[in-house]
Amino acid sequence: MDDLTPELIAERVELICADSGGIHPPFEAFYIHSVAYAASRAIQAFNRFRSSLNESLPDGEVVSLVQEALGHTAALSRFFNPSGLGGKGGAPMRRLAEVRAKKLREAFEIGQNSPIWNRKLRDALEHFDERLDRYLLRDAVGIFFPNPVVGAAELTEDQLGHIFKLVDPESQQFVILGEKFDFGQVYDEVVRVFRLAETMDENGARLNPRRG
């Protein structure tokens, strides 16, 4: 976009928001394929995690599969619930992101109750370094476990034990620096979105082909 002036960006953004709801119809395919890609990567990682529970893999590898799946889910989430940074375009690009996201939410039936909406989990993954800095500023005593752990989420409630990352396969919880996040329903939602994207792609690569 370096060849576009701020004025031209603002003009085109306003046009596409007003006339096409944030996505020019011929370009809907790009968003459908992008959503499908992020969802498919997350599904593959979740499936590898499930398979790993029947293998004798180190805890770190098992936890990494869940984190990989949730990382792809975070990328998927941004299509529907953008970060709002706006990039080089500033305010016009933020407006475009908001309008485009609204159109995608309607097409994929994503609401704030969707398991992939949770921005707290997204931030916990994407800003882990900052959260770790803050976590280690606390007055903490006891035993620290910097390596990832597979076990019961209740282990992280021990005041004398500090587990940085833990996956509980039974309760389907991912614990990051003491904060618990449920990922059990995330998989089902990602699969739903992926299948809907496939349906759209098979029907002319248009959003919401069921509604004409």
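Check Asp188 against each of (1) assigned to a loop (DSSP other than H, G, I, E, B); (2) in contact with a Pro (Cβ under 8 Å, 6 or more places away or on another chain) and name the one condition it does not meet.
(1)
Give me a count of the residues in the stretch 144-178 that are of a type in the set (Ser, Thr, Tyr) and surrounded by 20 or more Cβ atoms within 10 Å (Cβ to Cβ). Walk me through it before giving the result.
Keep residues of the stretch 144-178 that are of a type in the set (Ser, Thr, Tyr), which gives 156, 171.
Those still in the list that are surrounded by 20 or more Cβ atoms within 10 Å (Cβ to Cβ) too: 156.
Summing the residues that are of a type in the set (Ser, Thr, Tyr) and surrounded by 20 or more Cβ atoms within 10 Å (Cβ to Cβ) in the stretch 144-178 gives 1.
Could you count how many residues in the stretch 1-19 are small (Gly, Ala, Ser) and touching a residue at least 12 places away in the same chain (Cβ under 8 Å)? Spell out the reasoning first.
Filtering the stretch 1-19 for residues small (Gly, Ala, Ser) gives 10, 18.
Now drop any that are not touching a residue at least 12 places away in the same chain (Cβ under 8 Å), which leaves 10.
The number of residues fulfilling the criteria is 1.
So, in the stretch 58-77, how many residues would count as being free of Cβ contacts under 8 Å to residues at least 12 places away in the same chain and either crowded, with 17+ Cβ neighbours inside 10 Å or assigned to a helix (DSSP H, G or I) (or both)? Before the answer, list the steps.
Within the stretch 58-77, the subset free of Cβ contacts under 8 Å to residues at least 12 places away in the same chain is 58, 61.
Of the ones still in play, those that are also either crowded, with 17+ Cβ neighbours inside 10 Å or assigned to a helix (DSSP H, G or I) (or both) are 61.
Residues in the stretch 58-77 being free of Cβ contacts under 8 Å to residues at least 12 places away in the same chain and either crowded, with 17+ Cβ neighbours inside 10 Å or assigned to a helix (DSSP H, G or I) (or both): 1 in total.
Could you pull out the residue among Glu11, Glu55, Glu61 that is over 30 Å from Thr199 (Cα atoms) and within 21 Å of the chain's Cα centre (by Cα)?
Values: Glu11 fails: within 21 Å of the chain's Cα centre (by Cα); Glu55 fails: within 21 Å of the chain's Cα centre (by Cα).
Every option except Glu61 fails the conditions.
When the residues of the stretch 191-209 are filtered to those that are in contact (Cβ under 8 Å) with a residue 40 or more places away in the chain and in a loop (DSSP other than H, G, I, E, B), which remaining residue is surrounded by the most Cβ atoms within 10 Å (Cβ to Cβ)?
Step one: filter the stretch 191-209 for residues in contact (Cβ under 8 Å) with a residue 40 or more places away in the chain, giving 191, 193-194, 196-198, 200-201, 205-208.
Applying the additional criterion that residues be in a loop (DSSP other than H, G, I, E, B) yields 205-208.
On the way: Ala205: 17, Arg206: 16, Leu207: 22, Asn208: 16.
Only one residue tops the list, namely Leu207.
For the stretch 35-57, which positions are in contact with a helix residue (DSSP H, G or I) (Cβ under 7 Å, 6 or more places away or on another chain) and either free of Cβ contacts under 8 Å to residues at least 12 places away in the same chain or not aromatic (Phe, Trp, Tyr) (or both)?
Listed by number, the residues that qualify are Val35, Ala36, Ala38, Ala39, Ser40, Arg41, Ala42, Ile43, Ala45, Arg48, Ser52.
Here are Pro25, Pro6: which of them is of a type outside the set (Ser, Thr, Tyr), surrounded by fewer than 16 Cβ atoms within 10 Å (Cβ to Cβ) and touching a Lys or Arg at 6+ places or on another chain (Cβ under 8 Å)? Spell out how you get there, then give the answer.
On the way: Pro6 fails: touching a Lys or Arg at 6+ places or on another chain (Cβ under 8 Å).
Result: Pro25 is the single residue among Pro25, Pro6 that is of a type outside the set (Ser, Thr, Tyr), surrounded by fewer than 16 Cβ atoms within 10 Å (Cβ to Cβ) and touching a Lys or Arg at 6+ places or on another chain (Cβ under 8 Å).
Against the definition (touching a strand residue (DSSP E or B) at 6+ places or on another chain (Cβ under 9 Å), modelled with pLDDT of 95 or more, under 21 Å from Val193 (Cα atoms) and surrounded by 15 or more Cβ atoms within 10 Å (Cβ to Cβ)), how does Phe49 come out, yes or no? First the steps, then the outcome.
Details: touching a strand residue (DSSP E or B) at 6+ places or on another chain (Cβ under 9 Å): yes; modelled with pLDDT of 95 or more: yes; under 21 Å from Val193 (Cα atoms): yes; surrounded by 15 or more Cβ atoms within 10 Å (Cβ to Cβ): yes.
Answer is yes for this residue.
The values are calculated or read from the model by the stated rules, or taken from the named source; none is laboratory data. A quick note: this is a predicted structure, and the numbers were derived from the prediction, not measured. Heads up, the Cβs are rebuilt from the backbone with ideal geometry, glycines too, and the neighbour counts pull from every protein chain shown.
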